[in-house]
Amino acid sequence: MQVVFLGTGAGLPSKSRNVTSVILDLLQENQSMWMFDCGEATQHQILHTNIKPRKVTKIFITHLHGDHIYGLPGFLSSRSFQGGSDPVTIYGPEGLEQFVRTCLTISQTHLSYSIKFVEISDGIIYEDDKFKVIAQSLDHGITSFGYRIVEKDLPGALLVEELKKQNIPPGPIYQQIKNNPTVTLPSGEVIDTSRFIGKSKQGKVVVIFGDTRFKETHYLLAENADLLIHEATFSGSQEELANEYYHSTTIQAAAIAKNAKAKKLILTHISARFQEQDYENLVKEAKSIFPNTEIAKDYTRFTV
């Protein structure tokens, strides 16, 4: 599982940062990619990566401010032109479907695949046999959500040596043992396969916050996260400004990570007022509260 930042700026693009978009690369897990937010020119950003738009099958929008959605019609259109045929499901607040369908209708864009829209509220918004996604309302000028992506525990490894001790030779039977609670051997003996499966491996948790003002209770969404991605539009000395504009500071993001007992924090959604020479200080502020902090840059890739 990897996270790729396509855009890490706040509000408007700058020379060093495009506006917000994040890819959760799940090609190893389920042969797909999930996108979180799609600011303007996201499709341009993708051109500088090895990301294939047709692999993006789910899009999660945190809120409907332009720097998080203006790239969506263009991306969906390009995905169609580039051979995308698998359906796409788009999750987000009320009004998202109207925005997308209006853009596609007025521009007479005809897609080669279907789109399903899911209007979200707090709670579990998606679940399959491998993943669960939970949404939580945040505190922004308009409806805004954070997403908690939970990978379900992975099955343990097959205990090959134990199987050999029981005179069960390698072959197709091993796959049956790994995938079924009981298996009938060629001899007719029925075995409980749990005896031959190692301890399950805990799945990863990634939490992505949309734009938000700081609230102490927000740490609950990020509890024990392997990776927390949190906006840090303002520096630690600009708390009043952050509160006025419904955003967070570097120190507030770090406080959420600390209270949540997260393993790693990545700061993103950086204001265009900050230049590259400022980034070290922004990270230093957060590290004073939560040491394992990094600042995202466009095209940065992190392994979870």
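Every number here is computed from the coordinates shown, using simple stated rules; none is lab data. A quick note: this is a predicted structure, and the numbers were derived from the prediction, not measured. Here the Cβ positions follow ideal geometry from the backbone for every residue, glycine too, while neighbour counts run over all protein chains shown.
Could you please let me know if D139 is over 25 Å from R79 (Cα atoms) and surrounded by 15 or more Cβ atoms within 10 Å (Cβ to Cβ)? Yes, satisfied.
Residue check: N50 meets all listed conditions (1) more than 20 Å from G92 (Cβ to Cβ); (2) within 17 Å of the chain's Cα centre (by Cα) but one, namely (2).
Quick check on my filter: what residues within the range 198-219 are surrounded by fewer than 16 Cβ atoms within 10 Å (Cβ to Cβ) and either assigned to a strand (DSSP E or B) or touching a residue at least 60 places away in the same chain (Cβ under 8 Å) (or both)? K201, K215, listed by residue number. Going through (1) under 20 Å from the mean Cα position of the chain (by Cα); (2) surrounded by 15 or more Cβ atoms within 10 Å (Cβ to Cβ); (3) farther than 13 Å from Y91 by Cα one by one, I125 falls short only on (3). Among the candidates I106, I51, the residue that is under 23 Å from I149 (Cα atoms) and out of contact with any Ser or Thr (no Cβ under 8 Å at 6 or more places or on another chain) is uniquely I51.
Taking the criterion of being crowded, with 24+ Cβ neighbours inside 10 Å and either on the phi > 0 side of the Ramachandran plot or among the β-branched types (V, I, T) (or both), the residues of the range 23-58 that qualify are D37, T42. If the condition is being closer than 21 Å to P53 by Cα and free of Cβ contacts under 8 Å to residues at least 12 places away in the same chain, then the range 106-130 contributes only Q108.
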